[in-house]
Amino acid sequence: MKIKTVFFTKSSANHTQCPQESKPELALMGRSNVGKSSLINMLLDRKQVAKISSKPGKTQLINHFLINSDWHLVDLPGYGWAKVSKAKRQEWEKMVKTYLLHRKQLNFVLVLVDARHKPQKLDVTLINWLGAREIPFVI
Ligand SMILES: Nc1nc2c(ncn2[C@@H]2O[C@H](COP(=O)(O)OP(=O)(O)OP(=O)(O)O)[C@@H](O)[C@H]2O)c(=O)[nH]1
Ligand SMILES: [Mg+2]
């Protein structure tokens with residue numbers, strides 16, 4: 001696909017704040033710091049459209065990017081960031097899981113895993129969670 005235009009639409013703290021339009025969307029999920037936001041920049045051939053950091057926990061909201069005025073690519077906060085408090089981890093989980101369960105525009109999820117390591121327990125747990133809820137995904 002040729003990427004003609006890319007616009008950052010908005011950041012949302014929960015699924016009810018997400019863009020109202022009915023355009024289809026694809027979301028990226030994976031561990032904090034695995035490179036979700038970097039992959040978005042690479043796929044879109046833009047250096048800074050999604051914010052990245054060498055420290056985990058950079059993406060903290062649901063970020064919508066409008067591609068070719070046609071569909072949304074969605075950058076989600078990562079999971080498994082050991083240094084963050086349990087309360088913050090639970091907040092992430094609620095935000096992302098509620099989005100994944102209720103967002104009608106979501107067509108499928110791209111789960112990014114670090115190929116240098118064996119599948120991590122949390123990756124497997126969340127992939128099974130997606131499967132049990134019949135949310136289409138690709139790893
Ligand atoms: N070695 C290597 N480093 C990468 C790769 N992709 C991203 N990085 C680096 O990994 C770090 C984290 O990248 P991000 O794209 O911010 O990761 P993220 O998954 O969005 O992280 P959160 O927003 O915390 O969930 C940055 O320092 C990137 O430069 C890759 O393919 N290989
Ligand atoms: Mg990120």
Checklist entry - Which of the residues spanning region 12-42 are under 15 Å from Phe108 (Cβ atoms), more than 12 Å from the chain's Cα centre (by Cα) and not basic (Lys, Arg)? => result Pro24
Checklist entry - If you take the residues of region 65-101 that are part of a strand (DSSP E or B) and within 15 Å of ligand 1 (Cβ to nearest atom), which of them is surrounded by the most Cβ atoms within 10 Å (Cβ to Cβ)? => result Asp75
Next on the checklist: Residues that are among the charged types (D, E, K, R) and closer than 24 Å to Leu126 by Cα: does region 74-82 have at least one?
Outcome noted: yes
Next on the checklist: Being buried (at least 18 other Cβ atoms within 10 Å of the Cβ) and either over 17 Å from Arg31 (Cβ atoms) or within 15 Å of ligand 2 (Cβ to nearest atom) (or both): is that true of Gly57 here?
Outcome noted: no
Item to check | Any hit, region 42-57, residues being within 22 Å of Val124 (Cα to Cα), in contact with a Ser or Thr (Cβ under 7 Å, 6 or more places away or on another chain) and not hydroxyl-bearing (Ser, Thr, Tyr) | outcome: yes
Item to check | Index of the failed condition, Trp129 passing every other in (1) touching a residue at least 12 places away in the same chain (Cβ under 8 Å); (2) touching a strand residue (DSSP E or B) at 6+ places or on another chain (Cβ under 9 Å) | outcome: (2)
Checklist outcome for this item: Those residues of region 32-54 which are in contact (Cβ under 8 Å) with a residue 40 or more places away in the chain and surrounded by fewer than 15 Cβ atoms within 10 Å (Cβ to Cβ) amount to Asp45, Arg46
Item to check | Any chance Lys86 is among the basic types (Lys, Arg) and over 16 Å from Leu130 (Cα atoms) | outcome: yes
Checklist outcome for this item: Within region 19-54, residues among the hydroxyl-bearing types (Ser, Thr, Tyr), within 14 Å of ligand 2 (Cβ to nearest atom) and closer than 24 Å to Met1 by Cα come out as Ser37, Ser38
Checklist outcome for this item: Residues of region 53-64 being within 27 Å of Glu21 (Cα to Cα) and near ligand 1 (Cβ under 8 Å from one of its atoms), in sequence order, are Lys58, Thr59, Gln60
Checklist entry - So which of Lys104, Lys23 is more than 9 Å from ligand 1 (Cβ to nearest atom), surrounded by 14 or more Cβ atoms within 10 Å (Cβ to Cβ) and either part of a loop (DSSP other than H, G, I, E, B) or among the aromatic types (Phe, Trp, Tyr) (or both)? => result Lys23
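What do you reckon, is Lys55 modelled with pLDDT under 95 and farther than 23 Å from Arg116 by Cβ?
Working: modelled with pLDDT under 95: yes; farther than 23 Å from Arg116 by Cβ: no.
Here the answer is no, as Lys55 does not meet what is asked.
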Item to check | region 76-91 residues that are farther than 13 Å from Thr59 by Cβ and touching a residue at least 60 places away in the same chain (Cβ under 8 Å), paired with ones that are of a type in the set (Asp, Glu) and surrounded by 10 or more Cβ atoms within 10 Å (Cβ to Cβ) (beta carbon under 8 Å, 6 or more apart) | outcome: none
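The values are calculated or read from the model by the stated rules, or taken from the named source; none is laboratory data. Keep in mind that this is a model prediction, so the values were computed, not measured. Neighbour counts run over all protein chains shown; Cβ positions are idealised from the backbone, glycine included.
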